[in-house]
Amino acid sequence: MKNIFVINDSSAHARQVIRFARNMAARIEANLLIANVNPVSVAGTVQEKVLVAGRPHRITDEALHPVHYHSEVTPHAFQPSTEYIDAHNISEQELSQLIIQHDSWMIVNALNVGNTIPQLNIHTILNKVRCPLMLIPEDCHTTDFSTVSYLADLRYCQLPVVRYLSALAKPYQAGIQIAHLPADGLPDMDQQYATEVFSDGISRYVKYDNLFFNNIKERDIHKAVDIMVHAMDTNLIALVNHQYHFRELLNGTIKHILPAHVHVPVLVFPN
């Protein structure tokens with residue numbers, strides 16, 4: 001069973017993200033682990049068991065309220081279970097270990113302009129774990145995925161990433177495009193040669209009907225992403241940590257906001 005690990009800072013945006021994550025979990029048949037990284041109130045305790053660094057603990061009704069979405073009815077047959085983790089005042093190393101111990105398939109993190117969890121460096125956590133991290137900007141209005149764009153130089157496109165994306169996209173019947181943007185210093189690829197590399201090296205090994213290739217001619221990655229999001233209906237961008245496209249689009253690090261023109265979730269895979 002897949003596990004989606006949600007980092008919850010109890011902000012209004014984080015509550016929306018938990019709702020989004022729950023819908024995603026129902027679609028892909030995963031369970032939710034919700035880690036509260038801000039201190040909880042001492043008002044009115046409830047009889048709800050949670051985990052604190054792996055140990056049973058009780059939290060307050062006020063703390064449960066922003067993550068109490070398991071009572072909502074989703075339109076999907078599968079109903080995810082939800083486990084709560086009291087994770088305030090733990091280090092990046094400890095949180096990373098929790099993510100690994102729970103065999104998480106994905107981490108979901110709400111990006112807030114207010115940066116309400118300055119004690120945690122989410123990029124440090126990504127560097128320590130084995131699953132991808134989904135970053136959801138505050139102005140994101142995506143509820144489903146219809147087009148997923150994996151930004152990569154086709155010569156370095158990673159099959160495990162494409163297979164993962166196909167597993168994520170299939171319940172949504174979403175299209176996956178391998179958006180080829182040459183890495184800095186490398187020449188562009190001839191269209192026919194690029195198509196052959198895609199066919200022989202990628203699509204033949206990934207059984208997904210809605211997988212296609214797009215040879216992007218715009219060399220400025222910010223302009224290219226702007227076109228993908230606003231003209232090509234891309235509503236999820238995939239990148240690989242530390243690789244060229246990640247460095248160019250996110251300036252080499254994950255902060256509490258995404259570039260202004262990126263209004264969709266960004267899924268960053270560990271390198």
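The values are calculated or read from the model by the stated rules, or taken from the named source; none is laboratory data. In this text, all values refer to a predicted model and were calculated from it rather than measured experimentally. A quick note on method: Cβ atoms are made from the backbone with ideal geometry, for glycine too, and the neighbour counts reach across all protein chains shown. What goes into the accessible areas is simple: the full protein's heavy atoms, side chains included, and nothing from ligands, DNA or RNA. Shrake-Rupley method; radii C 1.70, N 1.55, O 1.52, S 1.80 Å.
Annotations for the structure displayed:
- The single residue among Q47, Q79 that is surrounded by fewer than 21 Cβ atoms within 10 Å (Cβ to Cβ) and modelled with pLDDT of 55 or more turns out to be Q79.
- Restricting segment 184-200 to residues that are outside any helix (DSSP H, G or I) and of a type in the set (D, E), the residue that is farthest from H245 (Cα to Cα) is D190.
- Check on D188, over 22 Å from the mean Cα position of the chain (by Cα) and exposed (fewer than 13 other Cβ atoms within 10 Å of the Cβ): no
- Test: D103 is more than 21 Å from A30 (Cβ to Cβ), acidic (D, E) and open to solvent by 10 Å² or more (accessible area, probe 1.4 Å): no
- Test: residue in segment 150-165 that is within 15 Å of the chain's Cα centre (by Cα) and either hydroxyl-bearing (S, T, Y) or over 30 Å from R19 (Cβ atoms) (or both): yes
- Filter result for the condition that a residue is in contact with a Leu (Cβ under 7 Å, 6 or more places away or on another chain) and under 23 Å from R27 (Cβ atoms), over V197, V266, V225: V266
- Tally of residues being in a helix (DSSP H, G or I) and buried (at least 16 other Cβ atoms within 10 Å of the Cβ) across segment 147-169: 8
- Matching residues, segment 212-260, being free of Cβ contacts under 8 Å to residues at least 40 places away in the same chain, open to solvent by less than 40 Å² (accessible area, probe 1.4 Å) and part of a loop (DSSP other than H, G, I, E, B): I216, G252, P259
- Among the residues of segment 156-173, those identified as free of Cβ contacts under 8 Å to residues at least 60 places away in the same chain and of a type in the set (A, V, I, L, M) are L159, V162, A169.
- Here A174 meets each of (1) open to solvent by 10 Å² or more (accessible area, probe 1.4 Å); (2) within 20 Å of the chain's Cα centre (by Cα) with one exception, condition (1).
- Selection status of K207, charged (D, E, K, R), free of Cβ contacts under 8 Å to residues at least 60 places away in the same chain and assigned to a loop (DSSP other than H, G, I, E, B): yes
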